[in-house]
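Down below is the structure, laid out as structure tokens.
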Amino acid sequence: MANDDDDLLARLGSAAREREHEADRELLHPSLQLRDADALREAIVAQALTRQLTQKRAQKHVGLSLSRARVWWASGIAAAAAALIIWIVRPAAETLPQYSLIHRGSLERERGVPASDLLELRPSSRLELELKPRSDVPGPVQLHLFARRADTLSQLTPDALERSASGGFRASLLAGRHFGAAPGKLTILAIVCRPESCEQAQNALGGPAASDTDTWQVLSIDAVYKE
């Protein structure tokens, strides 16, 4: 279709130019005034047709450009919407459910007397910690244990550590191996965290107060260590 328009435009343009030249020549011969008038009319008609075809092709070109622009704009909107959906959904999958901390091995429980709010330990006490999530935890999650005495913070490496399929943990520690021989009060800290957030959570322990986030939690037990 485009080649036909080009050929027609070329023929019309050539005819118009030839008619214009003939008109110029015949204007010098008054005896040919009728033929001159016919030539001028044909030239005018040819020029008008040429302009119409040129405008028609220009409109087609503009329409095609607008169509391509609409496709590009729609594609950009769709890509942005998809990215927004991913951004909204992905953080929700990383959010941790609330954990609870259960401990066994208190000195009072070993003696068969009611337990107090303060955990009492001796060097021979076997401290068992269980961290249970409120719901199953998809994806990776880690547990890190610390002991705080006054302003001193030390990391604890459990003697045994298990993780359940639901994302819970069981840790076992021998008090004398991890808390030394010096008696006194201490706080046992348990950090449950997504791998990418564990360093941030550990750094927060050095601050005045560690606040839980969607990707890490800090649970604690106050204890007294006796000889």
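Just a few scattered comments:
Okay, residues lined up against (1) more than 20 Å from His103 (Cβ to Cβ); (2) touching a residue at least 60 places away in the same chain (Cβ under 8 Å); (3) charged (D, E, K, R); (4) surrounded by 14 or more Cβ atoms within 10 Å (Cβ to Cβ):
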residue: Pro138; (1), (2), (3), (4): yes, no, no, no
residue: Leu143; (1), (2), (3), (4): no, no, no, yes
residue: Asp151; (1), (2), (3), (4): yes, no, yes, no
residue: Leu156; (1), (2), (3), (4): no, no, no, yes
residue: Glu162; (1), (2), (3), (4): no, no, yes, no
residue: Ala190; (1), (2), (3), (4): no, yes, no, yes
residue: Glu199; (1), (2), (3), (4): yes, no, yes, no
residue: Gln217; (1), (2), (3), (4): no, yes, no, yes
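- With respect to the stated conditions, Ala182 fails to be open to solvent by 10 Å² or more (accessible area, probe 1.4 Å), over 26 Å from Gly105 (Cα atoms), in contact with a Phe, Trp or Tyr (Cβ under 9 Å, 6 or more places away or on another chain) and among the aliphatic types (A, V, I, L, M).
- Per the listing Arg177, Arg170, the residue uniquely outside any strand (DSSP E or B) and either charged (D, E, K, R) or open to solvent by 10 Å² or more (accessible area, probe 1.4 Å) (or both) is Arg177.
The values are calculated or read from the model by the stated rules, or taken from the named source; none is laboratory data. All figures in this text were calculated on a predicted structure; none of them were measured in a lab. Ideal geometry is used to build each Cβ from the backbone, glycine not excepted, and the neighbour counts take in all protein chains shown. The accessibility values were calculated without ligands, DNA or RNA, using every heavy atom of the protein model including side chains. Shrake-Rupley method; radii C 1.70, N 1.55, O 1.52, S 1.80 Å.
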